[in-house]
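For reference, the structure is listed below as structure tokens.
The values are calculated or read from the model by the stated rules, or taken from the named source; none is laboratory data. In this text the structure is predicted, and so the values were computed from the model without any measurement. Neighbour counts are summed over all protein chains in view; Cβ atoms, including those assigned to glycine, are modelled from backbone coordinates with ideal geometry. Accessible surface areas use protein heavy atoms only, side chains included; no ligands, DNA or RNA. Shrake-Rupley method; radii C 1.70, N 1.55, O 1.52, S 1.80 Å.
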Amino acid sequence: MQPSIDIRNVSKSYGGGTAPGGLLALDDVSLQVGQGEFLAILGPSGCGKSTLLHVVAGLTPARGEILVQGKKVTGPGLDRGVVFQDYALFPWRTALDNVAFGLEMKKVPRHLRAASAYKYLKMVGLAGFEDRYPAQLSGGMKQRVAIARALAFDPEVLLMDEPFAALDAQTREILQTELLRIWEQTGKTILFVTHAIDEAIYLAQRVVVMTARPGRIKQIVDIDLPWPRVDSDVRSSRPFALLRHRIWELLAGEVEKAQHLASSRDPVPGRSRGGVAADAVAQEVV
Amino acid sequence: MRGLLLRVSVALGLLALWEGLPRIGLVNPNFLPPASEVARTLWKLLVSGELLRHAWVSLDRILLGLAVSILVGVPLGIFMGSWKTFERTLDGPLQAGRQVSAIALFPVFILFFGIGELSKVVIIFWASVWPILLNTTIGVKTVDPVLIRSARSMSARGATLFRKVVLPAAAPAIFTGIRLGAAYAFMVLVAAEMIGANAGLGFLVLNSQEVFKIPEMYAAIVALATFGLGVNKLLYHLERRATVWREAGGT
Ligand SMILES: Nc1ncnc2c1ncn2[C@@H]1O[C@H](COP(=O)(O)OP(=O)(O)OP(=O)(O)O)[C@@H](O)[C@H]1O
Ligand SMILES: [Mg+2]
């Protein structure tokens, strides 16, 4: 069966290609994501996770080739739904109208939009909040709206860039479980970027561990924990702890390297947050 | 509550001074008639319909000048906010133009456009176009790139991206510019009606002074201030209604 997302030899450099002064963010990344697979990408800060996701989304041009459902990616498209870390909701639109944005772009007739948008708001547990503006919603609710918005135009794949990183711990766990439920319900392929080890293990079927900049694939770890993980106590199980330890060992060296990169010469100051990733990793371990 | 009390007592105190000082002769009542006399004159002007006639003429000029400012300032600001090269090219002349006060240019306008309606509208235009232009430029330029990226990811681009994202995101800044522009328009109104006018609130102020109807002059000044404040309030409420989502916090 053809992969849902096929990333072939993708490299990306910022500022002047391979010329001196240019910055190599992704170095020859190849990766296949299966139909309906939940795949997490894990790596230290600044290793190019967001870059890879943006390239797949068609928002950033890069060398190499990407196929989504066998179709070559040449730009953004409604076959891919993107969820960003900072919600990126349109503040002048109500929750319902935010969810309807992609439907408008898809040229769905007006009279069908509201019902369809409502269906997805309900799916993320926000029935009754249609008329709220983003300013009237909590962070967790905003991210629910953003997820509903990305689902509403029925894309083949969902691309998520640290969607829960800005949320508090409880909200994050609730949303992780909700996301698994939605994934099982819709059968979408999900490419999920994170730098939290626990999150990657809990959610994904496979975890791709990336190296420090320039981002390469270091290893792909199969997460053979039982399904459904919803409502079960996998997080505190022994296999979970073993996986966490194994991935942490893969990652530890890279985080150190990333920190070193960040503290030495960074052409774009302030973009790398090596310290944050190191903190996150340390937290996951203790 | 205490704030309100304080504000009311300060206002009453000032009014009492305005009433008292001319009465006890500390200020020449010919130059500053007591407040009550001005109020009586104001009432008279209002009842006779004369005040409204002048107000209407002024409003007409302001609306026309402001409309031209919006028609020029908003599109130009959108261009400048969207294209860096365009903005950089025009930045010098525009910065210089902004520094030249409308009043200083009035003689020039009269030279070119005569002493009729046209130069009055032009001076109002000149005063009000700058805040509209600058606010629109900044509003368009500072649209959150996150929103643009999010819309692009759903394959919005070109005119659609502009209409559905850039414009609504810049709308609050544009509204503020228009409100400021209206305030500036009121400020230059008296100057605009200084020459070649036979009606308007600014004309009423100047004319009353010339024929030494001093209570009328003060009544016209009070009317002008109230009118300007009223228009500002109106625009403010329109702005709030159009951008409810901004203060949607709470609830
Ligand atoms: N637009 C850009 N211009 C120049 N350099 C960039 C740009 N975007 C990212 N970079 C650089 O490319 C590298 C990878 O960035 P990217 O945002 O993909 O990392 P990341 O893995 O998502 O990091 P984080 O975990 O902090 O989000 C970083 O070193 C960053 O400084
Ligand atoms: Mg990132």
Subject >> Charge dipole of the range A:21-86 about the Cα centre (unit charges at C-beta), most positive-ward option of A:Ala57, A:Gln35, A:Leu78 >> reply: A:Leu78
Subject >> Amide H contacts under 5 Å for A:Gln219, placed H, 5+ residues apart >> reply: A:Val209
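Can you pull out the GluC sites (Glu not before Pro) in the range A:174-229 that DSSP calls coil and that have at most 16 other Cβ atoms within 10 Å? Could the numbers behind the result be given before it?
On the way: sites: A:Glu178, A:Glu184, A:Glu199; in loops: none.
In loop regions of the range A:174-229 (DSSP not H, G, I, E or B), there are no sparsely surrounded GluC sites (Glu not before Pro).
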Original post:
Roughly how many nanometres apart are two label points built 7 Å out from the Cα toward the Cβ at B:Val222 and B:Glu117?
Top reply: 3.2 nm
Original post:
To the nearest 20 debye, what charge dipole does chain B have about its Cα centre, counting +1 at the Cβ of each Lys and Arg and -1 at the Cβ of each Asp and Glu?
Top reply: 1020 debye
**OP:** State, to one decimal in nm, how far the label point of A:Ser237 lies from the label point of B:Val146, with both points 7 Å from Cα in the Cβ direction.
**Re:** 3.6 nm
Original post:
Can you pull the mean other chain C-beta count within 10 Å for peptide A:170-183?
Top reply: 0
Subject >> Residue among B:Met80, B:Met154, B:Met187 with the largest mean-square fluctuation in a Gaussian network model of chain B, springs linking Cα atoms under 10 Å >> reply: B:Met154
Subject >> Extension gain, B:Val47 back to B:Ser101 (0.36 nm per residue minus Cα-Cα distance, nm) >> reply: 15.8 nm
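Between B:Phe212 and B:Val108, what FRET efficiency follows from the Cβ-Cβ distance if R0 is 35 Å, with the result rounded to 0.05? All intermediate terms of the calculation are to be shown ahead of the outcome.
Numbers: r = 32 Å, r/R0 = 0.90.
E between B:Phe212 and B:Val108, to the nearest 0.05, is 0.65.
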Original post:
What list of whole percents do you get for P(r) of the range B:74-174, with Cα-Cα distances grouped in 10 Å bins up to the one holding the largest distance?
Top reply: 15, 35, 27, 15, 7, 1
Subject >> Förster-model FRET efficiency, 35 Å R0, B:Leu64 and B:Val10, C-beta, rounded to 0.05 >> reply: 0.40
**OP:** Report P(r) for the protein assembly as shown: all Cα-Cα distances, bin width 20 Å, range 0 to the bin holding the largest distance, values in whole percent.
**Re:** 18, 38, 24, 16, 4, 0
Subject >> the range B:149-233, dipole about Cα centre (Lys/Arg Cβ +1, Asp/Glu Cβ -1), debye to the nearest 20 >> reply: 960 debye
Original post:
When chain A is treated as a GNM, springs tying every alpha-carbon pair under 10 Å, which of A:Val108, A:Val29, A:Val221 comes out with the largest mean-square fluctuation?
Top reply: A:Val108
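Could you do me a favour and compute the accessible area per residue for chain B, 1.4 Å probe, result in Å²? Walk me through the intermediate numbers first.
Numbers: 13960 Å² over 251 residues.
Value for chain B: 56 Å² per residue.
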**OP:** Give me a single rounded figure for A:132-139: the average over its residues of other chain Cβ atoms within 10 Å of their Cβ.
**Re:** 3
**OP:** Using only atoms on other chains, find how many Cβ atoms lie within 10 Å of each Cβ of peptide A:81-91 and report the average.
**Re:** 5
Original post:
Considering only DSSP beta bridges whose two residues both sit in the protein assembly as shown, what percent are antiparallel, to the nearest 5?
Top reply: 50 percent
Subject >> Proximal lysines to B:Lys120, defined as alpha-carbon separation beneath 27 angstrom and excluding residues fewer than eight positions away on the same chain >> reply: B:Lys213, B:Lys233
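Longest segment of chain B with no chymotrypsin sites (Phe, Trp or Tyr not before Pro) in a DSSP loop having at most 10 other Cβ atoms within 10 Å?
Working: sites that count: B:Phe31, B:Phe212.
Free of exposed loop sites, the longest segment is B:32-211.
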Subject >> Label-point separation in nm, A:Arg8 to A:Ala127, each point 7 Å along Cα→Cβ >> reply: 4.6 nm
**OP:** At 0.36 nm per residue, minus the direct Cα-Cα distance, what do B:Asp91 and B:Met187 gain on full extension? Give it in nm, one decimal, please.
**Re:** 32.0 nm
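Against the globular-protein guess of 2.2 N^0.38 Å, express the Cα radius of gyration of the range A:35-169 as a ratio, rounded to two decimals. Walk me through the intermediate numbers first.
Working: Rg = 15.3 Å, N = 135, 2.2 N^0.38 = 14.2 Å.
That ratio works out to 1.08.
Identify the trypsin sites (Lys or Arg not before Pro) of the range A:165-270 meeting these criteria: DSSP loop state and at most 13 other C-beta atoms within 10 Å of the C-beta.
Values: sites: A:Arg172, A:Arg181, A:Lys188, A:Arg206, A:Arg216, A:Lys218, A:Arg229, A:Arg235, A:Arg244, A:Arg246, A:Lys257, A:Arg265; in loops: A:Lys188, A:Arg216, A:Arg229, A:Arg265.
Qualifying residues, ordered by number: A:Arg265.
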**OP:** Work out how much length B:Phe31 to B:Ser82 would gain on full extension: take 0.36 nm times their residue separation and subtract the Cα-Cα distance, in nm to one decimal.
**Re:** 13.0 nm
**OP:** Take A:Thr177, project a point 7 Å from its Cα along the Cβ direction, then tell me which residues of the range A:125-161 have their backbone nitrogen under 18 Å from it.
**Re:** A:125-126, A:140-141, A:144
